[in-house]
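Notes for the one structure printed next.
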Amino acid sequence: AITYPVWLVHVTAYSLIAIIIYMYLGYPLLLALFARLIPTPINRDEQFCPEVTLLIIACNEEHEIAAKLNNSLLLDYPSEQLKIIVASDGSTDATNTLVNAYGSRGVALLAFPTNRGKTAALNDAMAQITTEYVVFSDANVSYEPQALRKLLRNFHDPTVGAVSGKVVLLNDDLSYGHSEKLYYCIEHFIQEKEGALGSLIGADGAMYAIRRRLFSPPPPDTILDDFVIPMQIACQGYRVIHEQDAVGFERNHHELGDEFRRKARIISGGFQSLLRGDCLPPISQPLLLFSFISHKALRWFSGTLFIPLFLLLLHIHSSNGLSNQPLSIALYSLLAAVMLAVVGQLVPTVRRIMAINLVHYFFMLALASLVGLYRELTGGQQVTWRREVAKCAE
């Protein structure tokens with residue numbers, strides 16, 4: 001058997017564990033400390049209601065679009081200050097017909113004949129928007145009545161370039177719903193504290209607002225537009241913040257297979273942005289760079305490395321007879337977690353047990369990270385909407 005320096009095995013194992021603890025516990029605690037020590041107040045104005053465009057990007061959303069438009073028209077925002085535009089990216093169902101029915105109520109349709117992907121449709125729509133502020137939204141998200149007011153009040157502060165809302169997932173009927181809620185509970189805490197420091201990394205694509213003049217069109221094949229656009233604004237020196245009082249609700253219909261593909265797509269988009277280097281914060285913005293590394297880069301890389309390194313360490317430990325008790329306990333505990341995750345995959349009913357649900361969800365994320373990296377390196381991740389691909393395949 002190949003022998004490895006014991007110190008290298010120990011450093012690798014403990015570093016892997018430490019990074020995971022840091023991402024989900026250490027970093028949030030550090031953010032909370034920084035937010036308390038170096039707060040950056042925002043000069044909000046509750047009466048600030050500028051002219052704004054609500055841009056809804058849609059593709060084959062015939063089951064969602066009417067509810068979305070009804071919700072949008074009922075928002076508590078001056079109607080003369082609000083424009084609603086639906087950019088339909090090559091929809092082949094009744095989406096365009098349904099949107100046109102709202103034309104008399106001020107809803108505009110931009111119908112693009114070919115499905116090219118969300119970013120291409122977004123770029124073309126932005127070229128036709130003239131309002132100073134734009135709110136990006138998905139078709140399957142409903143907003144609380146005050147959501148736009150809560151978002152836009154922050155732009156009274158000239159240092160604010162983008163504002164992300166808080167989108168709550170409704171997922172109680174999903175097999176992994178409890179684990180996802182815990183994950184997003186941590187994520188929302190991180191977003192809140194990063195936003196308090198003006199260094200929010202990315203935004204929630206279902207609800208975020210920007211100053212239109214700060215918009216730089218991403219390449220049309222960009223996968224994570226809601227990461228790239230806010231990061232470009234942040235790198236211009238403007239604050240990107242989180243408005244927790246601007247609330248939306250999104251019902252997650254994705255069971256495990258679809259959720260796995262969605263996570264893999266997100267990771268693929270993350271590595272796409274890293275490889276292009278167009279969103280990397282400069283050293284002159286140390287807090288933004290620190291948040292970027294801690295919140296995104298570490299998560300993407302650790303996710304892809306976790307399973308291969310764990311299997312390698314387990315092999316080295318067993319084949320070389322290493323006798324470090326703490327390391328043995330850590331590795332065999334992780335092995336037990338892997339086995340529980342496998343059981344959860346093979347026998348879905350046992351995922352009702354919280355411990356199994358958690359480890360299953362964690363390893364699903366790690367495996368999706370590997371698949372996402374593979375797709376980005378091989379060019380296998382499509383930028384077009386999956387529902388449109390499925391429709392065309394029928």
Rank Ser291, Leu214, Val167 by how far each Cα sits towards the positive end of the charge dipole of the chain (+1 on Lys, Arg Cβ; -1 on Asp, Glu Cβ) and give me just the farthest.
-> Ser291
Please report the relative contact order for the chain, taking Cα pairs under 8 Å with a sequence separation of at least 6, and give it as a percent rounded to a whole number.
-> 20
Taking R0 as 45 Å and r as the Cβ-Cβ distance between Leu311 and Leu33, the FRET efficiency 1/(1 + (r/R0)^6), rounded to the nearest 0.05, comes to 0.80
Listed highest first by mean packing, meaning other Cβ atoms within 10 Å per residue, what order do 36-44, 341-349, 135-143 come in?
-> 135-143, 341-349, 36-44
Heavy-atom accessible area of the chain with neighbours in place, 1.4 angstrom probe: carbon+sulfur share in percent works out to 62
Which translational diffusion coefficient, to the nearest whole µm²/s, is obtained for the chain from the Stokes-Einstein equation, given a Kirkwood hydrodynamic radius over C-alpha pairs, 4 °C and 1.567 mPa s?
-> 58
May I ask you to order 160-166, 188-194, 286-292 by the average number of other C-beta atoms within 10 Å around their residues, highest value first?
-> 160-166, 188-194, 286-292
Place a +1 charge on the Cβ of each Lys and Arg in the chain and a -1 charge on the Cβ of each Asp and Glu, then give the dipole magnitude about the Cα centre in debye, rounded to the nearest 20.
-> 740
Straight-distance crosslink candidates among lysines, where the alpha carbon sits under 30 Å from Lys181 and sequence neighbours closer than 8 are dropped | Lys68, Lys118, Lys150, Lys166, Lys193, Lys263, Lys296
Given a Förster distance of 35 Å, the FRET efficiency implied by the Cβ-Cβ spacing of Thr92 and Gln236, rounded to the nearest 0.05, works out to 0.40
Euclidean distance between Cα centres, the range 80-116 to the range 162-225, Å | 24
Gyration tensor on Cα atoms of the range 1-67, a ≥ b ≥ c root eigenvalues, a/c under 1.5 rounded, else prolate if a/b beats b/c, else oblate, says oblate
Magnitude of the charge dipole, the range 23-85, Cβ model with Lys/Arg +1 and Asp/Glu -1, debye to 20 | 380
Distance in Å, no decimals, from the C-alpha centre of the range 264-305 to the one of the range 58-79 is 33
Roughly what angle does helix 177-196 make with the longest principal axis of the chain, taking Cα atoms, 0 to 90 degrees, to the nearest 10?
-> 70
Could you state the angle between the C-alpha long axis of helix 325-346 and the longest principal axis of the C-alpha atoms of the chain, as a value from 0 to 90 degrees rounded to the nearest 10?
-> 50
Distance in nm between pseudo-label sites at Cys185 and Ala297 (7 Å out along the Cβ direction from Cα) = 3.1
Might you report the magnitude of the Cβ-based charge dipole of the range 98-241 about its Cα centre, with Lys and Arg at +1 and Asp and Glu at -1, to the nearest 20 debye?
-> 540
Extension reserve of the Gln146-Thr130 stretch, reckoned as 0.36 nm per residue once the Cα distance is removed = 3.4 nm
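The values are calculated or read from the model by the stated rules, or taken from the named source; none is laboratory data. What you see is a predicted model; the values in this text were computed from it and never measured. Neighbour counts are summed over all protein chains in view; Cβ atoms, including those assigned to glycine, are modelled from backbone coordinates with ideal geometry. Accessible surface is based on the protein model in full, side chains and every heavy atom, while ligands, DNA and RNA are left aside. Shrake-Rupley method; radii C 1.70, N 1.55, O 1.52, S 1.80 Å.
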